[in-house]
Amino acid sequence: MYHKVGEPVHMKADRFLNVSTIAFERQMTLLASMKFRVRPFAEIVEAATTGKTLPPRTLAITFDDGYANVDEHAAPVLQRLDFPATVFVVSQGIGKTNEWDKQEGYPELNLMGWERLRELQALGWEIGGHTRTHSHLDTLENNLAEADILRGKEEVEAVLGVTLKTFCYPFGHYGVSTPNLVAKAGFTGACTTKSG
């Protein structure tokens, strides 16, 4: 799971969430040379839930938040290699900036707009849900978490005319009942940044 691609702009913020363009290109070139098959995350989730067997070396490349630098630096590399990706977007932030990072003292960065998301979709990218506001779902009451998950999904679906199938938990955080709220909203699979 990636967040930002390009030269770091803030050492603390980018220490774990940014990969340089050169490193990203090397990683993708290595995957291609090793004959990995890159598919949208929803396709892998569907195979896992239906028992369908995927070819060996199948993986998904995902991006959280929809940063504009992903479009600028990662998308051309992926397009050249014919690799689709999945980008999890915060509906309230589309075409704006990463408001959720301000409270951490991190710099404001541009997020992709609706038109570019449509273009990436046409190139085979999957658009996934990441809530409406990028809130810490584990700290919200269930009714508020449910509304943030569902409204984010509905807003993106209404504008892009596509059904969002997969979800990524903001900050990687979720409470005991959050996975059920995600499923109730109509998502078939979800991922997090937590390892294990």
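The values are calculated or read from the model by the stated rules, or taken from the named source; none is laboratory data. Keep in mind it's a predicted model, so treat the numbers as computed, not measured. In this analysis, Cβ positions are derived from the backbone assuming ideal geometry, glycine residues included, and neighbour counts consider all displayed protein chains.
Tell me yes or no: at least one residue of the stretch 136-155 is at pLDDT 95 or above, surrounded by fewer than 15 Cβ atoms within 10 Å (Cβ to Cβ) and small (Gly, Ala, Ser). No - not one qualifying residue is present in the stretch 136-155. One residue stands out among those in the stretch 114-168 that are out of contact with any strand residue (DSSP E or B) (no Cβ under 9 Å at 6 or more places or on another chain) and small (Gly, Ala, Ser): the one that is nearest to residue 60 (Cα to Cα), which is 124. Checking each residue in the stretch 27-49 for being of a type in the set (Lys, Arg) and surrounded by fewer than 13 Cβ atoms within 10 Å (Cβ to Cβ) picks out 35, 37. Of everything in the stretch 59-107 that is touching a residue at least 40 places away in the same chain (Cβ under 8 Å) and acidic (Asp, Glu), the residue that is surrounded by the most Cβ atoms within 10 Å (Cβ to Cβ) is 64. The listed residues are 111, 164, and the only one of them that is under 15 Å from residue 68 (Cβ atoms), crowded, with 19+ Cβ neighbours inside 10 Å, out of contact with any Leu (no Cβ under 9 Å at 6 or more places or on another chain) and at pLDDT 95 or above turns out to be 111.
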